[in-house]
Amino acid sequence: MSIQIVNLANAFNIEDLRCIAEWRLPRIAYDFLERGVEDDVTLAANRTVFERIHFKPSTLVDVSSRSRQVTLFGRTFTSPFGIAPTGAAGLYCFEADIALARAAEAAGVPFVLSTASFVALERVAREAGGTQWFQLYMSKDREAARGLVARARDAGYEALVVTTDIPVAGNREYNRRNGFEIPFRLNLGNMIDGALHPHWLVNVFLRTLLDSGVPRFQNVDTNVGGRIVAKNLSEFRARRDALDWSDIAWLREFWPRKLLLKGVLTAEDALLAAQYGADGIFVSNHGGRQLDGAVSPVEVLPEIVAAVGDRLAIMVDSGFRRGSDIVKALALGADMVFVGRAALYGAAAGGEAGVRRALEILASEVDRVMALIGCTDIPSLTPEYLVLPEPLRRAV
Ligand SMILES: Cc1cc2nc3c(=O)[nH]c(=O)nc-3n(C[C@H](O)[C@H](O)[C@H](O)COP(=O)(O)O)c2cc1C
């Protein structure tokens with residue numbers, strides 16, 4: 001059964017999709033999606049940073065033939081952005097991990113599956129095509145880590161994205177206030193809130209419950225040689241505060257394909273990533289969900305590009321909601337931009353079709369901005385198209 005009263009064609013931008021998501025979701029799910037951490041200072045800064053960067057367009061350029069394509073790791077993508085890994089995405093639509101991957105495939109962009117998915121990584125790989133990467137919440141327990149990484153390898157994931165910015169969990173006070181826990185637990189408050197959001201209750205929560213039981217993470221009950229080494233995400237991530245570069249060296253030996261580190265915010269760490277054999281990095285503050293007060297990726301992008309741009313592929317995420325944001329980061333030297341919430345707003349607003357709509361909006365906005373600044377293809381974007389605030393100008 002599906003109650004669908006939203007006309008996605010009337011969502012003209014990502015903010016429209018966010019409004020539908022807010023309306024559809026109970027507070028416990030919406031806060032987990034939308035909020036950052038503590039006072040949401042970094043969350044807000046991730047948006048305002050773009051307002052300080054302006055375009056310097058060239059005029060009377062023939063832009064009648066233009067392309068959004070980028071080539072990365074030997075693959076050509078239709079647009080210069082992809083979908084970032086988001087755990088517990090199944091709270092936003094039924095089997096969201098598959099919906100996100102399929103929408104990415106249809107749009108010709110990469111998708112990163114989170115360790116914390118409600119659908120097992122093998123199923124996502126099997127049932128959705130396209131370019132899929134696997135995000136790893138690394139375990140200090142080598143046996144557990146080896147088990148999960150081997151599963152991602154055997155399922156055919158093309159790249160491993162190791163998230164490095166969670167030595168401890170961020171301080172998400174709203175989650176505690178809302179009683180947010182996975183496996184999902186019902187209390188009176190969220191039962192009433194669920195009942196007030198019937199579309200979500202029926203199409204997402206009850207459908208998941210009937211199909212596969214109480215929503216839970218499917219990748220971390222890692223079974224190594226018939227022995228369960230971790231029963232849940234917390235157990236799997238035990239001693240994550242002890243992780244260091246030696247764990248990356250170990251992973252580099254074990255993982256045969258592309259290796260990327262997600263959560264790099266300094267040129268020094270980017271250089272270490274290159275030294276330890278990474279193929280790329282995600283310049284990211286986790287969408288403002290870990291350290292409140294952390295710098296926004298766009299502010300440090302130029303110095304990181306200057307340090308390792310010729311050695312590593314540079315992805316960037318956190319705060320991207322408009323095509324213009326994406327073009328600005330590409331002009332500053334990023335190879336690709338990733339979106340987390342923008343895709344999940346789409347999932348909550350309309351399942352796979354909603355994610356497709358989100359990606360379509362971003363693609364058309366990128367295309368329009370490219371034409372308006374007089375640039376016909378992504379590799380031709382340079383800081384010359386931008387007017388930058390002083391600290392950024394010094395780093396370019
Ligand atoms: C609901 C949600 C869940 C997330 N889960 C993960 C995760 O499991 N692993 C991870 O590395 N990052 C996770 N992130 C962070 C995203 O990968 C990405 O860094 C962030 O969303 C980018 O910012 P944006 O949402 O403003 O685009 C999550 C983000 C959100 C919104």
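Scanning segment 108-152 for residues that are more than 16 Å from the ligand (Cβ to nearest atom) and either more than 19 Å from Thr163 (Cα to Cα) or under 18 Å from the mean Cα position of the chain (by Cα) (or both) turns up Gly108, Glu122, Arg123, Ala125, Arg126, Glu127, Ala128, Gly129, Gly130, Thr131. Per the conditions (1) within 14 Å of the ligand (Cβ to nearest atom); (2) buried (at least 21 other Cβ atoms within 10 Å of the Cβ), the sole criterion not satisfied by Ala278 is (1).
Asp39 meets all of the listed conditions (1) over 27 Å from Gly288 (Cβ atoms); (2) in a loop (DSSP other than H, G, I, E, B) but one, namely (1).
Is at least one residue of segment 263-273 under 19 Å from Pro85 (Cβ atoms) and within 15 Å of the chain's Cα centre (by Cα)?
Quick first cut of segment 263-273, residues under 19 Å from Pro85 (Cβ atoms) only: 263-265, 273.
Filter once more, keeping what is within 15 Å of the chain's Cα centre (by Cα): 263-264.
Within segment 263-273, one or more residues are under 19 Å from Pro85 (Cβ atoms) and within 15 Å of the chain's Cα centre (by Cα).
Looking only at residues in segment 111-132 that are outside any strand (DSSP E or B) and among the polar types (S, T, N, Q), the one that is surrounded by the most Cβ atoms within 10 Å (Cβ to Cβ) is Ser117.
State which residue is modelled with the lowest pLDDT when the search covers only segment 1-14 and only residues that are surrounded by 14 or more Cβ atoms within 10 Å (Cβ to Cβ) and in a helix (DSSP H, G or I). Lay out the reasoning, then the answer.
Restricting attention to segment 1-14, the residues satisfying the condition of being surrounded by 14 or more Cβ atoms within 10 Å (Cβ to Cβ) are 6, 8, 11, 13-14.
Now narrow it down to the ones that are in a helix (DSSP H, G or I): 8, 14.
On the way: Leu8: 94, Ile14: 98.
The extreme case among them is Leu8.
Are any residues in segment 38-81 surrounded by 13 or more Cβ atoms within 10 Å (Cβ to Cβ), among the β-branched types (Val, Ile, Thr) and either touching a strand residue (DSSP E or B) at 6+ places or on another chain (Cβ under 8 Å) or modelled with pLDDT under 95 (or both), and if so, which ones? Of everything in segment 38-81, those that are surrounded by 13 or more Cβ atoms within 10 Å (Cβ to Cβ), among the β-branched types (Val, Ile, Thr) and either touching a strand residue (DSSP E or B) at 6+ places or on another chain (Cβ under 8 Å) or modelled with pLDDT under 95 (or both) turn out to be Ile53, Val70.
Can you list the helices (runs of 4 or more DSSP H) found entirely within segment 286-396 that contain at least 2 residues being in contact (Cβ under 8 Å) with a residue 40 or more places away in the chain and under 20 Å from the mean Cα position of the chain (by Cα)?
Working: elements: 297-308, 323-331, 341-373, 390-395.
In segment 286-396, the matching helices (runs of 4 or more DSSP H) lie at 297-308, 323-331, 341-373.
Please find, within segment 153-172, the residue that is surrounded by the fewest Cβ atoms within 10 Å (Cβ to Cβ) out of those that are away from the ligand (no atom under 16 Å from the Cβ) and not in a loop (DSSP other than H, G, I, E, B). Here the answer is Asp154.
Selection of first residues in segment 103-124 that are over 22 Å from Arg207 (Cβ atoms) and of second residues that are in a helix (DSSP H, G or I) and within 11 Å of the ligand (Cβ to nearest atom), restricted to Cβ pairs under 8 Å at least 6 apart or on distinct chains, gives the following pairs, ordered by first then second residue: Thr115/Leu233.
The values are calculated or read from the model by the stated rules, or taken from the named source; none is laboratory data. Quick caveat, the model's predicted, so the values are computed rather than measured. Cβ coordinates were reconstructed from backbone atoms using ideal geometry, including for glycine residues, and neighbour counts include every protein chain displayed.
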